[in-house]
Every structure is written in C-alpha cells, then in structure tokens.
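Reading through the structure tokens given below for one structure.
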Amino acid sequence: MIVNAYSVVAAFTSVLELVLGVVAVAGAWRILRRARGASSSSSSSVASATDVADAGVLGLFLPGIVLAALAASSVPLLGLLLQSYVPQWPGVMCVRGVLRIGTGSQGAPSLLPTLLTTLAVTKPLLIFATGAWISVHLVNRATRAAPLSRTVVGWIAVSGLLAVVDASAETAYLFIPKQERFLEAGCCTIPLSATTAAGEVGDPVRAAAAFFGLAAGSIAAFVLALRATSAESSSATARVMWTVGTAAGSVATVWAGGPFLADVLSPTRLSVPGHACAYCLLGDAPEYALGAALIAAGAFAAAWAATVVLASRGSEAEGAAGDLARRLLRFAAFAVPASAAMALVGWRLA
C-alpha cells in the first residue's frame, strides 16, 4: 500500500462504506421478509405490510443518507488518490499512466487495472442507486398511504450491494502492492513525441459531432418530457416514455463527452497535438472538470426523474412523482446545455 494522506482517507471511507453497505443489505432483507410475512398473515395485509416497510425505511434512513454522502464524495476522492500516485513511478505523466500500473504483471498486481475498471462502473451506479432511493422516498413521504415503501427498501438494498462491491474493489486496489511494477511505453508514461503520440487520438470531427448532436437531442427531449409530465391529459405511458428516453439520451451525451474531452479539447486546450488525454485536461483546466460534473449531475437528475415516474406508475404517488420529476428535469435541462455551451466556448476560444 502506498501510504499518503489520500490513501489513508480512502481506506477509512472504504471500510465505512463496506460496513454501511452490509447494514443496508441486512436491514433491507429483514424488513422485506417481515413485510412479506405481514402481507400473508394479516387480514389487512396491504396496510400492515406497507406499515412494516415504512417503519423499516425510518430505521435505514441514517445509514442510507451517510452512504449517499460517501458515494458522492468517493469519485473526487478517487481522482485525488490517483493523482497523488503520479510521482511514484518515473516517467508517469498523469492519472492515465497510473491506470496502466499492473498491466502485463502476474499475481495480485495484474488485478489493478481490472479493479479500477470495476470502480469506474460501480461508483456511478452507486450514486444513481442512492439518489434513486432518496428520490422515491421523497415521493413516498408526500402521499398518505406511503405505497412505495417497499420500493424504497429495495433501492436501499441495491445501494448496499453496490457499496459492498465498490468498497471491496477499492480496498483491494489500495492494499495490492504497486511499487515493483514497471510500465510499458505509452500515453502518459513517457514524455510525448510525434512518434509516441501517433495513433493515440481518435477522429475529432466524429467525437465533436457525436457529443453536440446528442446534447442537442437531449435538449429537445427535455422539452417534450417536461411537457408530458406537466400536461394532465398526458397518459402514464407517454410520461414514462419521455422521461426514460430523456434519461437515456442524457447518459449517452455523458458517454460521448469522454471522447470529446480526450480527442478534441485536450489537444486543443493543452496545445499538444496528438495528446488525447482527458485526465491531463481536467487537471490543467479545472473549468472543464466543473463542466464534466455539471453534465454528470444533469444525467443523474434525468435518470432519477425516470426512476420516480416508473416506480409510482399506477399508484396514488403519481402526482407527487410528476412534481419531483419536473423539478429534476428542469435542473437537467439547465445542466446539460450549460455544460455543452461551456465545452463549445472553450473549444472555439482555445
């Protein structure tokens, strides 16, 4: 383990996340089992099962909120941790070089790139799951009968499972030895030259077209989704279709933003032709990190809007879900275009 301030904090938060994940999974399983028992044995089965689940949500509220805070903070903390590892190896230029540590190795160090890939998947999913249970909980508390209590407990269980996987992967990454590994030549491992940079950059025209095309499509989808969730005459199917479609478009826009950062903005902004590295860009130009955080937040908001609309379909919570979905979609309708505008201005002025 490479010991510094960031690795110590990361180890502490990983252990705490693991404990809270186990608590969330165990508590949710116990609550759902009791609710099933109440539903099958009580004459007022629906009411008693809902009451059991609703009471259980209160018991899991504090660990769930702390888990949500840890999920939101773990992404920048991991970035700072990887940045702090850069000086550990001669020739490593930025985080992209750190990501390659362990490539071609044998034994435990060979797992390092796989563990980082796992974290790149589990951390966004964990943020989504914790935000989903909070969003559904807010809708549920706005109703009289609390019909979504078991759905809230289910999302808390999903959050707990993801937290266990995420914390285990991060803890393993922290403690696997790294110092004895050597890097192969490649991007961000040695000083760049025309020959080493050749072939690193993708098609900048295609990357820009994909990003701005998807951003424009998402903006149009936001307008239609807001209209569908606002009009009383809109059917439940239309509301679901537009909110889910908008969430998918927002996520696709974020996905297209990675190649745009690496292939278009990085070589232009850093004035290093052929250097396709989003990590160098985000480290040297913090305004792009703000834009990336903004578009990610917009995509999460759109996804949470779709979640509450789907969860409340056919229940008395539909009205409250529509209200929350509109607020989330309004934020997303601001965040995604604002981030795209920041990227466009920065690209043209670079």
What is the calculated FRET efficiency for LEU270 to SER230, with r their C-beta to C-beta distance and R₀ = 56 Å, to the nearest 0.05? 0.80
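Please state the shape class of the stretch 263-329: rounded when a/c is under 1.5, otherwise prolate if a/b exceeds b/c and oblate if not, all from the C-alpha gyration tensor. Present the calculation step by step, with values, prior to reporting the outcome.
Working: a/c = 5.98, a/b = 4.10, b/c = 1.46.
Cα axes put the stretch 263-329 in the prolate bin.
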Distance in Å, no decimals, from the C-alpha centre of the stretch 134-158 to the one of the stretch 265-338 is 24
A convex hull over the alpha carbons of the stretch 240-299 yields, per residue, a volume in Å³ of 61
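Apply the a/c threshold of 1.5 to the C-alpha gyration tensor of the stretch 195-349 and tell me whether it is rounded, prolate or oblate. Let's see the in-between values first.
Values: a/c = 3.09, a/b = 2.79, b/c = 1.11.
Prolate is the answer for the stretch 195-349, as a/c is 1.5 or above and a/b outweighs b/c.
Taking the Cβ of ALA208 as the center, what net charge do the other residues with Cβ under 15 Å away carry, scoring Lys and Arg +1 and Asp and Glu -1?
On the way: positive: ARG206, ARG269, ARG348; negative: ASP203, ASP263.
Local net charge: +1.
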Counting only backbone N atoms under 12 Å from a point 7 Å out along Cα-to-Cβ of VAL22, the residues of the stretch 163-178 in range are 164, 168
Sum up the charges of everything whose Cβ sits under 12 Å from the Cβ of ALA256, counting Lys and Arg as +1 and Asp and Glu as -1, but leave ALA256 out. 0
Specify, per residue and in Å³, the volume enclosed by the convex hull of the alpha carbon atoms belonging to the stretch 110-162. 47
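Please sort 88-100, 140-152 by packing, taking for each peptide the average over its residues of neighbouring beta carbons within 10 angstrom, highest first. Please report the intermediate quantities before stating the final value.
Details: 88-100: 18.5, 140-152: 20.8.
So the peptides 88-100, 140-152, ranked by packing, come out 140-152, 88-100.
In Å³ and rounded to a whole number, note down the convex hull volume per residue for the Cα atoms of the stretch 5-175.
Normalising the Cα hull of the stretch 5-175 by residue number yields 105 Å³.
Which shape class, rounded, prolate or oblate, goes with the chain when its Cα gyration tensor gives a ≥ b ≥ c as root eigenvalues, a/c under 1.5 marks rounded, and past that a/b bigger than b/c marks prolate? All intermediate terms of the calculation are to be shown ahead of the outcome.
Numbers: a/c = 3.10, a/b = 1.43, b/c = 2.17.
Verdict is oblate for the chain.
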Could you work out which residue, out of THR118, THR243, THR171, moves most in a Gaussian network model of the chain, that is, has the largest mean-square fluctuation with Cα springs under 10 Å? THR118
Counting pairs of alpha carbon atoms under 8 Å apart in space and at least six apart in sequence, what relative contact order in percent does the chain give? 20
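Each reported figure results from applying straightforward, stated rules to the coordinates on display, with no laboratory input. As the structure is a computational prediction, the values presented were derived from the model and not from experiment. A quick note on method: Cβ atoms are made from the backbone with ideal geometry, for glycine too, and the neighbour counts reach across all protein chains shown.
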